[in-house]
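Below you'll find the structure, written out as structure tokens, and then a few comments.
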Amino acid sequence: MYAYLLRRLLLALPVIFVASTGVFFLVHMIPGDPVDFMVGENAALDQKESLRAQYHLDDPLPVQYGWFLRDLARGDLKSMHSGEPVFTALKAKLPNTLKLAAAALGIAILVSIPLGTMAAWRQYSWIDNTSMMAALFGISMPNFWLGPLLILLFSMRLGWFPVSGADRPLSLVLPAVTLGLGLSAVLTRMTRGAVLEVIRQDYVVAARAKGLSEARVLVRHALRNAMLPIITVLGLQFGALLAGSIITEEIFGWPGIGREVVGAIQTRDFPMIQGCVLLIATTYVLVNTATDLLYAWANPRVRLGGGEG
């Protein structure tokens, strides 16, 4: 197990390097001069040239890439606007994004796994048909539509939840629901399909023949053996939540990594954009590694290559 974990972490380094390199060159393709956003288009030319020299923006792109790698290796990326170390700023934002992603994932799990399991247990019944229609509706609702709709209904009309911010516990509800409903739609269909695959297997039939209750057969034998594809989707979707929460954070004014990315793009703060993407990529890789390790817990028959642990 430890050898496998070490190998996965070592393999993650090239992935993170490629992601950081890609984002470096992509951000330089964004139209607009970062210096103009810092001091304004009407600032004195000598002031602009001084700032370009300070941030190496007057160097050829390969040279700028060398400076970027040096600063990254030193952990010395700094915002062009505030001068604050990028990773210090992101360290303050990351807990909010993780909190939002975890809450959204929790909502998705609480809704989708019971609903998908019941739909498989009562295939083609009204439970199955209703849950699949609800899942289709959930998949079809983009966050940029659902979020404002929830604000209009539950914040503006009913006054139950704050419109934006993260200063109160209730501030988490609407953004988490916005993210969680879309994910629960995907997980409901996945859970239904996975349970249907195992519910007619011989060991499930044998469990029923032993006189076990239907609930015990369904949860202990069918659902547990159907968890591998569900865990796969959960791991991938949790990583996607970290990257995909950008729109939701912006809609609800949630002070997380996603909103920081939007602000950095708007002001052409290259180091901040690079730091945000690098942090998201690293978290994504770590989440996928943790997902692989969960396989052994969900199904001991799955063997992880590279060692027994």
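Each reported figure results from applying straightforward, stated rules to the coordinates on display, with no laboratory input. Note that the structure is predicted; figures quoted are calculated from it, not measured. Here Cβ is always computed from backbone atoms with ideal geometry, including for glycine, and neighbour counts include all displayed protein chains.
Distances between placed amide hydrogens fall under 5 Å for K78 paired with V86, all partners being 5 or more residues away or on another chain.
Segment A290..K91, full-extension length gain: 69.5 nm, with 0.36 nm per residue of separation and the alpha-carbon distance subtracted. Taking chymotrypsin sites (Phe, Trp or Tyr not before Pro) as exposed when their DSSP state is a loop state and no more than 15 other Cβ atoms lie within 10 Å, the longest site-free interval of the chain runs over 161-309.
In loop segments of region 172-204 as defined by DSSP, the trypsin sites (Lys or Arg not before Pro) with at most 16 further C-beta atoms inside 10 Å of their C-beta are R200. If Rh is defined by the Kirkwood formula over all Cα pairs and Rg also comes from Cα, what ratio Rg/Rh do you get for the chain? In the chain, Rg relative to Rh is 1.07. Charged neighbours of G66, selected by a Cβ distance under 15 Å, balance to -2 (K, R count +1; D, E count -1). Between region 272-286 and region 34-63, the alpha-carbon centres lie 26 Å apart. Each Lys and Arg adds +1 at its Cβ and each Asp and Glu adds -1 at its Cβ; summed about the Cα centre, region 86-266 shows a dipole of about 460 debye. Listed values for region 261-267 are Karplus-derived 3J(HN,Hα) couplings in whole Hz (6.51 cos²θ - 1.76 cosθ + 1.60, θ = phi - 60°), namely 4, 4, x, 5, 5, 5, 9, and x replaces Gly and Pro.
Within straight-line reach of K91, meaning a Cα separation under 25 Å, sit the following lysines at least 8 residues removed in sequence or on another chain: K78, K99. Evaluated on region 86-266, the Kirkwood hydrodynamic radius is 17.7 Å, with distances taken between all distinct Cα atoms. In a shell of Cβ-Cβ distance under 11 Å around V261, excluding V261 itself, what net charge do Lys and Arg (+1) and Asp and Glu (-1) give? Neighbourhood net charge equals -2.
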